[in-house]
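Below is one structure, written out as structure tokens; the observations come after it.
The values are calculated or read from the model by the stated rules, or taken from the named source; none is laboratory data. Computed from a predicted model, the values in this text were never measured in an experiment. Quick reminder, even Gly has a Cβ in these numbers, built from the backbone with ideal geometry, and neighbours come from all protein chains shown. When the accessible area is computed, the model is the full protein with side chains, heavy atoms only, and any ligands, DNA or RNA have been set aside. Shrake-Rupley method; radii C 1.70, N 1.55, O 1.52, S 1.80 Å.
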Amino acid sequence: MSKLTARKKIAFRLLGILLASDVLLVLLGLLDYSPGPRLHPSGGYIVLYHVILLSVSLALLQKQLLLFLTVSLILLLFGVKYFCSSFMGWQYEYLHFPRNQELLVVKYRIATLGESQYFAEFYRSRYFGLFMHKLKNQDYSVMIRGEDRDPENVLGLSSPTWKHEREVILDTASGERTIRLY
């Protein structure tokens, strides 16, 4: 049995780390967790992480053609995703409890075709802001016809009213909406 060189051992360890982190992200997704706003895929950090680990691993394995094809494919997919999300990508708004104990993350997007449809999902920041936990049964959508409206006013993000650290009231276009962070 041939011994692995030190370069191959490092490359396989990096690929193992990449696989383990991907499995962790899938498991967290099944539990309604997603990477926090700083690590979220729209920020590109997870894609950058993949490109760096794959590039280093393939370079250590001395697979230049595979390295070129893999990195090119990832960058192409990232470019297509970025191009598509520029038309209807998600935006984030952060609502802090006045004493900075809680953070409500509002993920929203707007689809416009004659009228504007606003979609919002609500997340609670967890584990020092590294992850967001989706709040169940709190999603919100509203259609506004006619005039173009500011999303902060339509979704009530401009002046949230905190009842206490686990509840916030948003004055939305369709009336008051209470978001519970539990």
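Values for this structure:
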{"quantity": "Reciprocal of mean inverse Cα separation for the range 113-182 (Kirkwood radius, Å)", "calculated": "13.1"}
{"quantity": "Whole-Hz ³J(HN,Hα) from phi, Karplus 6.51 cos²θ - 1.76 cosθ + 1.60, for the range 104-110, glycine and proline x", "calculated": "9, 9, 9, 9, 9, 8, 10"}
{"quantity": "Trp90, Trp162, ranked by accessible area, largest first (probe 1.4 Å)", "calculated": "Trp90, Trp162"}
{"quantity": "Lys pairs, the range 50-182 - Cα-Cα below 21 angstrom, 8 or more residues apart or on other chains", "calculated": "5"}
{"quantity": "Residue among Arg109, Arg126, Arg99 with the largest mean-square fluctuation in a Gaussian network model of the chain, springs linking Cα atoms under 10 Å", "calculated": "Arg99"}
{"quantity": "His96 accessible area, 1.4 Å probe, all protein chains in place, Å² to nearest 10", "calculated": "100"}
{"quantity": "Most to least accessible of Ile10, Ile46 (protein chains only, probe 1.4 Å)", "calculated": "Ile10, Ile46"}
{"quantity": "Residues whose placed amide H lies under 5 Å from that of Phe131, excluding near-sequence neighbours", "calculated": "Gly36, Arg126"}
{"quantity": "Leading residue at positive end of dipole, the chain (Cβ point charges), from Leu103, Leu14, Ile179", "calculated": "Leu14"}
{"quantity": "Nearest-10 value in Å² for the accessible area of Leu113, using the 1.4 Å probe", "calculated": "150"}
{"quantity": "Restricting the range 102-136 to chymotrypsin sites (Phe, Trp or Tyr not before Pro) in coil, as DSSP defines it, with at most 12 other Cβ within 10 Å", "calculated": "Tyr127, Phe128"}
{"quantity": "Exposure of Val26 as accessible area (Å², to 10), given a probe of 1.4 Å and all protein chains", "calculated": "90"}
{"quantity": "Dimensions (Å) - the chain, Cα atoms, principal axes, largest first", "calculated": "70, 38, 24"}
{"quantity": "Dipole magnitude of the chain, debye to nearest 20 (Cβ charges: Lys/Arg +1, Asp/Glu -1, about Cα centre)", "calculated": "1260"}
{"quantity": "Exposed-site-free run, longest, the chain (rule: GluC sites (Glu not before Pro); DSSP loop; at most 15 other C-beta within 10 Å)", "calculated": "1-146"}
{"quantity": "Degrees, to the nearest 10: 6-30 long Cα axis against longest axis of the chain", "calculated": "20"}
{"quantity": "Percent RCO, i.e. relative contact order, over the range 97-175, from Cα pairs under 8 Å lying at least 6 residues apart", "calculated": "24"}
{"quantity": "HN-Hα J in Hz across the range 119-131 - Karplus 6.51, -1.76, 1.60, θ = phi - 60°, x for Gly and Pro", "calculated": "10, 9, 10, 10, 10, 9, 6, 9, 6, 6, x, 6, 10"}
{"quantity": "C-alpha long axis of helix 64-88 to longest principal axis of the chain, angle in °", "calculated": "10"}
